[in-house]
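Asker: Here it is, the structure in full.
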Amino acid sequence: MKLSIRREHEYRTMPWKNGQGMTHEVWVYPEGATLDNFVWRVSCARVRQAGAFSQMLGIERTLMILCGMLRVQDLHAQYAVDLNAQSAPFVFQGSTVIHAEPIHADGVVEDFNVMTRADDCSHLVRRLNVAGTHDEQLIGDFMLIYHERGAPVHINYSSECVLNAGETLLVQRESEKEKIVRLSATQAALIVVHINQIRRTP
């Protein structure tokens, strides 16, 4: 398997598709893809004011809150949910008309976003707390591990492959025999993203 670590200063800062804010692009595939032609994309953003999410047809999305509280309203289904760092991943279609409003005391929310093009791939996102050693199974073609907070995480017992807070590990499968990534830390909070390709890109 191929392992790559991206440091926080290497994330690309760019405007939201609707132009109402800025996002830090953690990883995009294929490398160099735009918002119009990516297969999958992972990003972090700060939400400072109420507004509509960018609509992205054909995209499946998952949103997780890193800090603060965000009220998310589906304007068509007419329901609302308050999300915070303890909430389950919020999964929705990119075509859904979503309005979001920070309701944290200081009015700023930091979130973590995963997007996949539905015709090309699917994704699964969850939080993972590591205290000691944990074996994470590679269940798709790609796995991303975002270090939310806590102690450094050593990958496969390596002293050189170390993930620190705010950084992201990308694991890419290169053969069917590669199944396990071993994570070691005294205490670390992570977000794990599994991505499985349905249709291969050239």
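The values are calculated or read from the model by the stated rules, or taken from the named source; none is laboratory data. Keep in mind that what you see is a predicted model, and the values were worked out from it rather than measured. Using ideal geometry, Cβ is built from the backbone for each residue, glycine included, and neighbour counts are taken over all protein chains shown. Just the protein is used for accessible areas: all its heavy atoms, side chains included, with ligands, DNA and RNA removed. Shrake-Rupley method; radii C 1.70, N 1.55, O 1.52, S 1.80 Å.
Asker: Along the principal axes of its C-alpha atoms, what lengths does the stretch 83-202 span, in descending order and rounded to whole Å?
Answerer: Each principal axis gives a Cα extent; for the stretch 83-202 these are 43, 39, 20 Å.
Asker: Among 83-90, 185-192, 39-46, what's the highest-first ranking by average C-beta atoms within 10 angstrom per residue? Mind dumping the intermediate values first?
Answerer: Details: 83-90: 15.2, 185-192: 18.4, 39-46: 21.1.
Taking the mean over residues of other Cβ atoms within 10 Å, the ranking is 39-46, 185-192, 83-90.
Asker: Between E25, E178, E60, which gets the highest mean-square fluctuation from a Gaussian network model of the chain, Cα cutoff 10 Å?
Answerer: The residue with the greatest mean-square fluctuation here is E178.
Asker: Quick one: length gained pulling S158 to T186 fully straight, 0.36 nm per residue minus the C-alpha distance?
Answerer: Contour length minus the Cα-Cα distance gives 8.6 nm.
Asker: What full-extension length gain, to one decimal in nm, is calculated for A50 and N196 as 0.36 nm per residue of separation minus the Cα-Cα distance?
Answerer: 49.3 nm
Asker: Rounded to the nearest 0.05, what FRET efficiency do R7 and E174 give with R0 = 30 Å and r taken as the Cβ-Cβ distance? Could you check?
Answerer: In this case the efficiency is close to 0.85.
Asker: Same structure, new question: How much length, in nm to one decimal, is gained on full extension between W16 and F92, taken as 0.36 nm per residue of separation minus their Cα-Cα distance? Before the final figure, lay out the partial values.
Answerer: Numbers: separation 76, 0.36 × 76 = 27.36 nm, distance 1.75 nm.
Gain on stretching W16 to F92: 25.6 nm.
Asker: A further question follows. What accessible area per residue comes out for the chain, rounded to a whole number of Å², with a 1.4 Å probe?
Answerer: Numbers: 10060 Å² over 202 residues.
Heavy-atom SASA per residue in the chain reads 50 Å².
Asker: I would also like to ask the following. Quick one: order Y157, Y29, Y79, Y11 from most to least accessible surface, probe 1.4 Å.
Answerer: On the way: Y157 145, Y29 55, Y79 105, Y11 25 Å².
Sorted by accessible area, descending: Y157, Y79, Y29, Y11.
Asker: Lys/Arg Cβ at +1, Asp/Glu Cβ at -1, dipole of the stretch 82-202 taken about the Cα centre: which of G166, L124, N156 is farthest positive-ward?
Answerer: Farthest towards the positive pole: N156.
Asker: Sort 61-71, 47-57 for me by packing, meaning the mean count of neighbouring Cβ atoms within 10 Å per residue, highest on top.
Answerer: Result, highest mean Cβ count within 10 Å first: 61-71, 47-57.
Asker: Another one. With a 1.4 Å probe and every protein chain kept in, tell me what percent of the accessible surface of the chain is carbon plus sulfur.
Answerer: Carbon and sulfur: 49 percent of the exposed surface of the chain.
Asker: A further question follows. Quick one: work out Rg over Rh on the C-alpha atoms of the chain, Rh as Kirkwood radius.
Answerer: Working: Rg = 16.7 Å, Rh = 17.5 Å.
Checking Rg against Rh, the ratio lands at 0.96.
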